[in-house]
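Working notes for the structure below.
The values are calculated or read from the model by the stated rules, or taken from the named source; none is laboratory data. Worth saying up front: this structure is predicted, and the values here are computed from it rather than measured. Note: ideal-geometry Cβ built from the backbone for every residue, glycine included; neighbour counts use all protein chains shown.
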Amino acid sequence: MLGYDLLVVGSANADLVIGVDRRPGAGETVLGSDLAVHPGGKGANQAVAAARLGARTALLARVGGDAYGRLLLDAQRAAGVDTVGVLVGEEPTGVAVITVDRAGDNSIVVSPGANARLEPGDIRAAGSLLASARVVSAQLEIPMAAVAEAVRSRAPGARLVLNASPPAQLPPQVLAACDPLVVNEHEALALLSGHPAAEADEPAAWASALLSRGPRSVVVTLGAAGALAADRNGVVTVPAPRVAVVDTTGAGDAFTGALAWRLSAGDVLETAVRYAVRVGSAACARAGAQSSFPRAEDLAVLPDALPADEN
């Protein structure tokens, strides 16, 4: 029996968050709120999101032996994530500087720090973790070589969920393993740069074009409109519940963590996406990244999703 529902191979950052009335333009200075420091990073966020929902989760990542690294480790353990795969080194912990405006929208700049030092050798050394996971989830805030090694080293039959964020061109062997490839609208267009589908304002066309490049399935997140799932059987749009948005930081990570967990539990793609959309919506209704992630019982209070043409 495999020991983990989900192994997340990815980044761990300290989020330095400042609230602003509006995000600055080029060359502009604006005043903001007091600085708040939270545990974050796409890998760490997705691990916490899944564990909080009930998944047996482990994280494979790198942090520094500094105060931010200790903050991240404490947050993972508090959520129930197994941190045996988190490596602590001399390089500084990764940091994300985030501005959040009154509408809850954010802009993020990431200094990778220790995340950039996660190497293929680290992945191979964690072979027992990879052999024990039903699903391996990865993102692109770590080197592509580490992602590719995780693809090669995962257990036979283990599913790969890849969140292509920040967007980068993917090696064919990585693309072919994605089931699904998860992108938001901006990431989809970046990956399709130069493709005719990128000229159309049609998420279904984006998903079909991405699917033609080799992944087994594709999920495009659409913010308040929900998400779209595509595989060889067709395309389906999943609407989201309507919630009062407080902060979108980490909502995509909450979505992806929930999606990976439900796929590990045996849900078909559409069912997993429907669950993940509710989790992502719940995260938007609270401030922060990991602090906003719901537990399973929190989802019961969400309103039903509106039909797609009413959102």
Checking A58 against (1) out of contact with any Gly (no Cβ under 9 Å at 6 or more places or on another chain); (2) surrounded by 22 or more Cβ atoms within 10 Å (Cβ to Cβ); (3) closer than 29 Å to E297 by Cα, which single condition isn't satisfied? (1)
Looking at the stretch 262-275, is at least one residue touching a strand residue (DSSP E or B) at 6+ places or on another chain (Cβ under 8 Å), among the charged types (D, E, K, R) and under 24 Å from G54 (Cβ atoms)? yes
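Can you tell me which residues in the stretch 1-35 are of a type in the set (G, A, S) and surrounded by fewer than 12 Cβ atoms within 10 Å (Cβ to Cβ)?
Result: G25, A26, G27.
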For the stretch 109-128, does any single residue satisfy the condition of being touching a residue at least 24 places away in the same chain (Cβ under 8 Å), assigned to a strand (DSSP E or B) and crowded, with 21+ Cβ neighbours inside 10 Å? no
Quick one: which of V97, V84, V88 is surrounded by fewer than 22 Cβ atoms within 10 Å (Cβ to Cβ) and more than 27 Å from R154 (Cα to Cα)? V97
Residue count, the stretch 214-224, condition over 14 Å from L189 (Cβ atoms) and touching a helix residue (DSSP H, G or I) at 6+ places or on another chain (Cβ under 7 Å), comes to 4
Which residue, of R262, R216, is in contact with an Asp or Glu (Cβ under 9 Å, 6 or more places away or on another chain) and at pLDDT 95 or above? R216
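Check every one of the helices (runs of 4 or more DSSP H) wholly within the stretch 132-210 and list those with 1 or more residues that are touching a residue at least 60 places away in the same chain (Cβ under 8 Å).
Because the criterion is at least 1 residues that are touching a residue at least 60 places away in the same chain (Cβ under 8 Å), the helices (runs of 4 or more DSSP H) in the stretch 132-210 that meet it are 144-153.
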Hits in the stretch 80-136 - residues which are closer than 24 Å to A265 by Cα and of a type in the set (S, T, Y): T83, S128, S132
